[in-house]
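Just so it is clear, none of the values below were taken in a lab; they were calculated from the coordinates. Only a predicted model underlies this, so the values are computations on that prediction, with no experimental measurement involved. So basically every Cβ, Gly included, is an ideal-geometry build from the backbone, and we count neighbours across all protein chains shown.
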Amino acid sequence: MAWDMYENSRQCRFKLRSEYQNWIHEILNTEWNGLLWTGSLVTFMFNHIPGSFNRKCEVMEDEIDRVYRTLVPQVERFPTSPAGSKRLPILLTFPDTRQQPHCGGYWDAVINDGLHYHGIIAIPTESRLKVGLKFHFGIRGSGTFALGTR
């Protein structure tokens with residue numbers, strides 16, 4: 001019984017992942033909503049957040065939401081208008097945890113038990129944002145940008 005539930009859940013996750021992949025592929029490789037889009041892969045890593053796994057996820061998701069809310073007015077002047085709502089940035093993020101390294105390597109992330117978020121941001125090529133995301137967020141050098149708690 002438990003194996004069947006696990007297998008059904010696994011199949012559902014793979015189907016969902018495939019649907020998200022197809023949707024992002026369509027956005028980035030065709031004219032979607034009458035616009036051309038550009039995408040960036042993002043990783044949200046955080047300073048130490050005390051508490052349970054669920055509490056860490058809550059804090060991280062709140063911070064990711066805050067980052068998105070600060071990005072929206074930089075991309076679209078009238079985000080609540082019918083036309084503006086079609087030009088909003090698209091942000092999809094998913095939690096990820098550290099994996100045991102293969103070949104006897106070291107853990108590369110131990111803060112928050114390795115919990116972090118990966119995602120993609122898609123932005124219309126014709127937007128108010130005149131610089132790339134890396135420059136917009138002030139990321140220098142390696143591309144690392146750590147978010148802290150307030």
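At R0 = 30 Å, how high is the FRET efficiency between Thr125 and Cys57 if r is their beta carbon distance? Nearest 0.05 is fine.
0.40
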- What's the FRET efficiency of Leu36 with His118 using the Cβ-Cβ distance as r and R₀ = 35 Å, to the nearest 0.05? 0.90
- Query: Applying the Karplus parametrisation 6.51 cos²θ - 1.76 cosθ + 1.60 with θ = phi - 60° to the phi angles of region 123-128, what ³J(HN,Hα) value in whole Hz is obtained for each residue in order, glycine and proline being reported as x?
  - Reply: 10, x, 5, 9, 9, 6
- Message: With θ taken as phi - 60° and the coefficients 6.51, -1.76 and 1.60, list the Karplus ³J(HN,Hα) couplings across region 82-91 in order, rounded to whole Hz; mark glycine and proline as x.
- Response: x, 6, x, 5, 7, 10, 6, x, 10, 10
- Mind ordering 61-68, 11-18, 114-121 by average Cβ neighbours within 10 Å, highest first? 114-121, 61-68, 11-18
- Which order results if Arg55, Arg87 are arranged by neighbouring Cβ count within 10 Å, fewest first? Arg55, Arg87
- Query: In sequence order, what are the phi-derived ³J(HN,Hα) couplings for region 15-31 according to the Karplus relation 6.51 cos²θ - 1.76 cosθ + 1.60 with θ = phi - 60°, rounded to whole Hz, with x for glycine and proline?
  - Reply: 5, 4, 4, 5, 5, 5, 4, 5, 5, 5, 4, 4, 4, 7, 10, 9, 8
- Distance between modelled label sites at Thr43 and Gln74, nm, 7 Å Cα→Cβ extension: 2.0
